[in-house]
Amino acid sequence: MHAIGMGIECFMSFAQQATSGTFYLMTRRIRFILVLFAVCSLLVLSGCASHQSNESGAITTNGSEPENLLIPANTNEVGGGKILDLIFSGLVAYTPEGRVENEVAESITTDDEKTYTITLKKGWTFSDGSPVKAHNFANAWKLGAKEAMIASSNYSLIEGTSDDGTGQMSGVSTPDDQTLVVKLKQADAEFVSRLGHQSFYPLPDAAFGTDGKLLDGFGEHPIGNGMYKFKDENSWVHNQKVELVKNSTYAGTRKPKNDALTINFYTRIEAAYEDLRSGRLDIIDKIPYSSIANYEQDLDGRSVSQPTAWIQHIVIPGSVEHFGFDEEGSLRRAAMSRAISREEIIDKIFHGTMTPATDFTSPVLPGYTKDLEGAEVLKYDAKEAKKLWDEAEKISHFTGKFTIAYNSDDNHQAWVEAVAHQLKNTLGMEVSAQAYSDFGTLRKMVNAGEVHGALRFGYQAGRPTQVNLLENLFIDGATANDAGYHDPEFDSLLKEAISRRDEAERFQAVREAQSILLKDLPAIPMWNQNVVGGWSERVKNVTFDWHGVPVYWQVEIGS
């Protein structure tokens, strides 16, 4: 809108000048104006009008407009999460390799994995200079639970919350300014690793009014305690960018080696890639499908392709007729999974830069195995697929269209259409890919219950454990449980897993839980995404972490 507005102002200015000349001059000027306005409009539509060359000294990267205002507990998507992870710090942090280390916490102790005592380091402040105290964590978590924010399911194990993580959260107390005591409903050996997730970030006193409620404008101008902070009150230009600068008050060990970072929002990843190649962008964490065959040559050693804790699914809500969590639905879901040749799609569309899924987690996470009971349902077998589909037809005849929704502002159209084509050829289904303009629009429609078929769903692990990729998608009431899936045995096995101090026992319980998912298939696992990214000649020390995000704070200007 900003760029379009500038184009209109430009048009009006020239038009006013034209009225003072002769008709001939005015006609020539108007022709020029119309051409100029058309060019401006095309630039806006291409998704690159607002992204200029790097003259400010800031590192620039691609991103997407956050779905909601920037409140840690009310964010559950990559666009907003990327920003929050840069401007906030939690009690613990994840290293680029996926290890858990203390950040704001000095120590975290427990005798029974059920009651945790957390002591904060002294000297931490928010970017406005106010101290980070125990109540800043407690108040933020309690707000998320009380207001039933999007990420509230992450609080579900804390005493006082319901199964979906909402409620009064009586299990969190602050004996003094430097101490948090957290009481859980059951033992959780993974609780320390949970504390690095953005839903457990603190909020400053300035976020709250005298009535204890969140101030309306805080999410627009958040104040954090992380490596970076908002540049000024105009840092967030909606649908264009967020400008961050190094936070001089940051007290952690991840000291930025650059002074500023600008995240440009793109509606087309192709536009971001062209900006990278032309020097208007420094780092990109995706390569468009149209360039995947040539990106290594294009970037000449300034690229990476590596596995991450990120998985792509096709989610089929149980509410879709003929695809419920019953005998007929299970047969149809299994038939669809076996009718999809993941290897063919990865080879032809991704040029080998993805890894076919063999479970619901990721090969980079501890405990992974490709030999799960029931995992054969993820292997292509057209004959078996047709057999399963015919068995479902005996139960109830399926007619009508089946849709797979996706957001068209990212690399999804080609593969979703390929899946639709394979399903139609093998099973005779009438399948179509249903495009939504951008991720935010798709999520709003899903949350409102207005997507009536399947949908593509990519999930990036919020912490480096298998449990994280399972509980947030498939536990009853979980925030990202778009399938509406509920299986008491699965829920019980995951709870058993997190209660196990012994790692081998925990991994075994996770395997048993996954075997249930492989029978029900609330989502059809497609592939584990490699991060395929690149950078410009202007920057150095560019690396990507365990879940595919550039380690921004390590990046330096200079080849």
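Quickly run through the range 389-404 and pick out the residues that are more than 24 Å from residue 445 (Cβ to Cβ) and either without any contact (Cβ under 8 Å) to a residue 24 or more places away in the chain or touching a strand residue (DSSP E or B) at 6+ places or on another chain (Cβ under 7 Å) (or both).
Selection gives 390, 393, 394, 397, 399.
If you check residue 152 against the conditions, is it under 26 Å from residue 223 (Cβ atoms), under 23 Å from the mean Cα position of the chain (by Cα) and of a type in the set (S, T, N, Q)?
yes
Can you pull out the residues in the range 512-531 that are β-branched (Val, Ile, Thr), at pLDDT 95 or above and closer than 23 Å to residue 307 by Cα?
Keep residues of the range 512-531 that are β-branched (Val, Ile, Thr), which gives 516, 524, 531.
Of the ones still in play, those that are also at pLDDT 95 or above are 516, 524.
Selection gives 524 alone.
Name the residue, out of 266, 289, that is open to solvent by less than 20 Å² (accessible area, probe 1.4 Å) and either of a type outside the set (D, E, K, R) or touching a Gly at 6+ places or on another chain (Cβ under 8 Å) (or both). Before you say what the answer is, go through the steps one by one.
Numbers: 289 fails: open to solvent by less than 20 Å² (accessible area, probe 1.4 Å).
Step by step, each of 266, 289 is checked, and only 266 is open to solvent by less than 20 Å² (accessible area, probe 1.4 Å) and either of a type outside the set (D, E, K, R) or touching a Gly at 6+ places or on another chain (Cβ under 8 Å) (or both).
Answer with yes or no whether residue 118 is buried (at least 21 other Cβ atoms within 10 Å of the Cβ), within 30 Å of residue 496 (Cβ to Cβ), in contact (Cβ under 8 Å) with a residue 40 or more places away in the chain and more than 25 Å from the chain's Cα centre (by Cα). Show your work before the answer.
On the way: buried (at least 21 other Cβ atoms within 10 Å of the Cβ): yes; within 30 Å of residue 496 (Cβ to Cβ): yes; in contact (Cβ under 8 Å) with a residue 40 or more places away in the chain: yes; more than 25 Å from the chain's Cα centre (by Cα): yes.
Spelling it out, residue 118 is indeed buried (at least 21 other Cβ atoms within 10 Å of the Cβ), within 30 Å of residue 496 (Cβ to Cβ), in contact (Cβ under 8 Å) with a residue 40 or more places away in the chain and more than 25 Å from the chain's Cα centre (by Cα).
Pull up the range 478-503, narrow it to residues that are under 13 Å from residue 466 (Cβ atoms) and not in a loop (DSSP other than H, G, I, E, B), then point me to the one that is most open to solvent (accessible area, probe 1.4 Å).
Residues of the range 478-503 under 13 Å from residue 466 (Cβ atoms): 493-494, 497-498, 500, 503.
After this cut, where a residue has to be not in a loop (DSSP other than H, G, I, E, B) as well, the list is 493-494, 497-498, 503.
Numbers: 493: 18, 494: 6, 497: 0, 498: 6, 503: 101 Å².
The qualifying residue most open to solvent (accessible area, probe 1.4 Å) is 503.
For the condition over 19 Å from the mean Cα position of the chain (by Cα) and among the β-branched types (Val, Ile, Thr), what is the one hit in 465, 441, 426?
On the way: 465 fails: over 19 Å from the mean Cα position of the chain (by Cα); 441 fails: over 19 Å from the mean Cα position of the chain (by Cα).
Within the list 465, 441, 426, the selection yields 426.
Under the condition of being over 16 Å from the mean Cα position of the chain (by Cα) and open to solvent by 40 Å² or more (accessible area, probe 1.4 Å), which residue from the range 52-88 is modelled with the lowest pLDDT?
The selected residue is 53.
Got a sec? Which of 239, 234 is more than 29 Å from residue 541 (Cβ to Cβ), free of Cβ contacts under 8 Å to residues at least 12 places away in the same chain, assigned to a loop (DSSP other than H, G, I, E, B) and touching a strand residue (DSSP E or B) at 6+ places or on another chain (Cβ under 9 Å)? Show your work before the answer.
Working: 239 fails: free of Cβ contacts under 8 Å to residues at least 12 places away in the same chain.
Selected residue: 234, the only one of 239, 234 that is more than 29 Å from residue 541 (Cβ to Cβ), free of Cβ contacts under 8 Å to residues at least 12 places away in the same chain, assigned to a loop (DSSP other than H, G, I, E, B) and touching a strand residue (DSSP E or B) at 6+ places or on another chain (Cβ under 9 Å).
For residue 86, work out the one condition from (1) touching a strand residue (DSSP E or B) at 6+ places or on another chain (Cβ under 7 Å); (2) assigned to a helix (DSSP H, G or I); (3) farther than 18 Å from residue 251 by Cβ it doesn't fulfil.
Every condition holds for residue 86 apart from (3).
Going through the range 407-428 one residue at a time, which ones are modelled with pLDDT under 95 and open to solvent by less than 10 Å² (accessible area, probe 1.4 Å)?
Correct list: 407 only.
In the range 144-163, what residues are among the acidic types (Asp, Glu), modelled with pLDDT of 90 or more and in contact with a Gly (Cβ under 7 Å, 6 or more places away or on another chain)?
First pass over the range 144-163, keeping only residues among the acidic types (Asp, Glu): 147, 159, 163.
Checking the rest, the ones that are also modelled with pLDDT of 90 or more come to 147, 159.
Of everything in the range 144-163, just one residue is among the acidic types (Asp, Glu), modelled with pLDDT of 90 or more and in contact with a Gly (Cβ under 7 Å, 6 or more places away or on another chain), namely 159.
For the condition over 27 Å from the mean Cα position of the chain (by Cα) and of a type in the set (Val, Ile, Thr), what is the one hit in 166, 174, 161? So that I can check it myself, show each step before the final result.
Values: 166 fails: over 27 Å from the mean Cα position of the chain (by Cα); 161 fails: over 27 Å from the mean Cα position of the chain (by Cα).
On inspection, the qualifying residue turns out to be 174.
Return the residues of the range 423-451 that are assigned to a loop (DSSP other than H, G, I, E, B) and out of contact with any strand residue (DSSP E or B) (no Cβ under 8 Å at 6 or more places or on another chain); say none if nothing qualifies. Write out each step before concluding.
Within the range 423-451, the subset assigned to a loop (DSSP other than H, G, I, E, B) is 428-429, 437-438, 448-451.
Once the filter is applied, which keeps residues that are assigned to a loop (DSSP other than H, G, I, E, B) and out of contact with any strand residue (DSSP E or B) (no Cβ under 8 Å at 6 or more places or on another chain), the range 423-451 yields 428, 448, 449, 450.
Go over the candidates 450, 430 one by one and state the one that is farther than 17 Å from residue 345 by Cα, without any contact (Cβ under 8 Å) to a residue 24 or more places away in the chain and of a type outside the set (A, V, I, L, M, F, W, C). First the steps, then the outcome.
On the way: 430 fails: without any contact (Cβ under 8 Å) to a residue 24 or more places away in the chain.
Exactly one of 450, 430 is farther than 17 Å from residue 345 by Cα, without any contact (Cβ under 8 Å) to a residue 24 or more places away in the chain and of a type outside the set (A, V, I, L, M, F, W, C), namely 450.
Which residue, of 469, 493, 473, 442, is aliphatic (A, V, I, L, M), at pLDDT 95 or above and out of contact with any Gly (no Cβ under 7 Å at 6 or more places or on another chain)?
Numbers: 469 fails: at pLDDT 95 or above; 473 fails: at pLDDT 95 or above; 442 fails: at pLDDT 95 or above.
Answer to the check: 493.
Among the residues of the range 132-144, what is the count of those that are touching a residue at least 40 places away in the same chain (Cβ under 8 Å) and more than 16 Å from residue 191 (Cα to Cα)? Full working, then the answer.
Just the residues of the range 132-144 that are touching a residue at least 40 places away in the same chain (Cβ under 8 Å), to begin with: 132-141, 143-144.
After this cut, where a residue has to be more than 16 Å from residue 191 (Cα to Cα) as well, the list is 132-136, 139-140, 143-144.
The qualifying residues number 9.
Give the range 254-306 a look and list any residue that's in a loop (DSSP other than H, G, I, E, B), more than 24 Å from residue 413 (Cα to Cα) and free of Cβ contacts under 8 Å to residues at least 24 places away in the same chain, or say none.
278, 300, 301
Only one of (1) surrounded by 18 or more Cβ atoms within 10 Å (Cβ to Cβ); (2) touching a residue at least 40 places away in the same chain (Cβ under 8 Å); (3) hydrophobic (A, V, I, L, M, F, W, C) fails for residue 442. Which number is that?
Unmet for residue 442, out of (1) surrounded by 18 or more Cβ atoms within 10 Å (Cβ to Cβ); (2) touching a residue at least 40 places away in the same chain (Cβ under 8 Å); (3) hydrophobic (A, V, I, L, M, F, W, C): (2).
Residues of the range 504-559 being under 28 Å from residue 320 (Cβ atoms), assigned to a helix (DSSP H, G or I) and among the small types (Gly, Ala, Ser), which ones? Steps first, answer last, please.
First, the residues of the range 504-559 that are under 28 Å from residue 320 (Cβ atoms): 510, 512-529.
Right, trim to assigned to a helix (DSSP H, G or I) and you get 510, 512-520.
Residues satisfying the conditions are 513, 515.
Scanning the range 180-211 for residues that are touching a helix residue (DSSP H, G or I) at 6+ places or on another chain (Cβ under 8 Å) and surrounded by fewer than 15 Cβ atoms within 10 Å (Cβ to Cβ), which turns out nearest to residue 91 (Cα to Cα)?
Among those residues, the one meeting the criterion is 205.
Tell me the residue from 139, 154 that is open to solvent by less than 30 Å² (accessible area, probe 1.4 Å), of a type in the set (S, T, N, Q) and part of a helix (DSSP H, G or I), please.
Going through 139, 154 in turn, the sole match is 154.
Among what's in the range 89-115 and is part of a strand (DSSP E or B) and not aliphatic (A, V, I, L, M), pick the residue that is nearest to the chain's Cα centre (by Cα). Before the answer, list the steps.
Of the range 89-115, the ones part of a strand (DSSP E or B) are 92-94, 100-102, 105-110, 115.
Filter again for not aliphatic (A, V, I, L, M), leaving 94, 101-102, 106-107, 109-110, 115.
Numbers: 94: 16, 101: 22, 102: 23, 106: 29, 107: 29, 109: 31, 110: 31, 115: 30 Å.
That would be 94.
Does the range 304-338 hold any residues that are open to solvent by less than 10 Å² (accessible area, probe 1.4 Å), over 18 Å from residue 406 (Cα atoms) and not hydroxyl-bearing (Ser, Thr, Tyr), and which are they?
Within the range 304-338, 309, 323, 329, 332, 333, 335 meet the criteria.
Under the condition of being assigned to a loop (DSSP other than H, G, I, E, B), of a type outside the set (Gly, Ala, Ser) and touching a residue at least 60 places away in the same chain (Cβ under 8 Å), which residue from the range 364-388 is farthest from residue 268 (Cα to Cα)?
Of the range 364-388, the ones assigned to a loop (DSSP other than H, G, I, E, B) are 364-374, 379-381.
With of a type outside the set (Gly, Ala, Ser) added as a condition, the list becomes 364-366, 368-373, 379-381.
Okay, now just the ones that are also touching a residue at least 60 places away in the same chain (Cβ under 8 Å), so 364-366, 368-369, 372-373.
On the way: 364: 29, 365: 31, 366: 34, 368: 34, 369: 36, 372: 38, 373: 40 Å.
So the residue we want is 373.
The values are calculated or read from the model by the stated rules, or taken from the named source; none is laboratory data. Small disclaimer: the values here were computed from a predicted structure and weren't measured. FYI the Cβ positions are ideal-geometry reconstructions off the backbone, even for glycines, and counts take in every protein chain you see. Please note that ligands, DNA and RNA were not included when accessible areas were found on the heavy atoms of the full protein model with its side chains. Shrake-Rupley method; radii C 1.70, N 1.55, O 1.52, S 1.80 Å.
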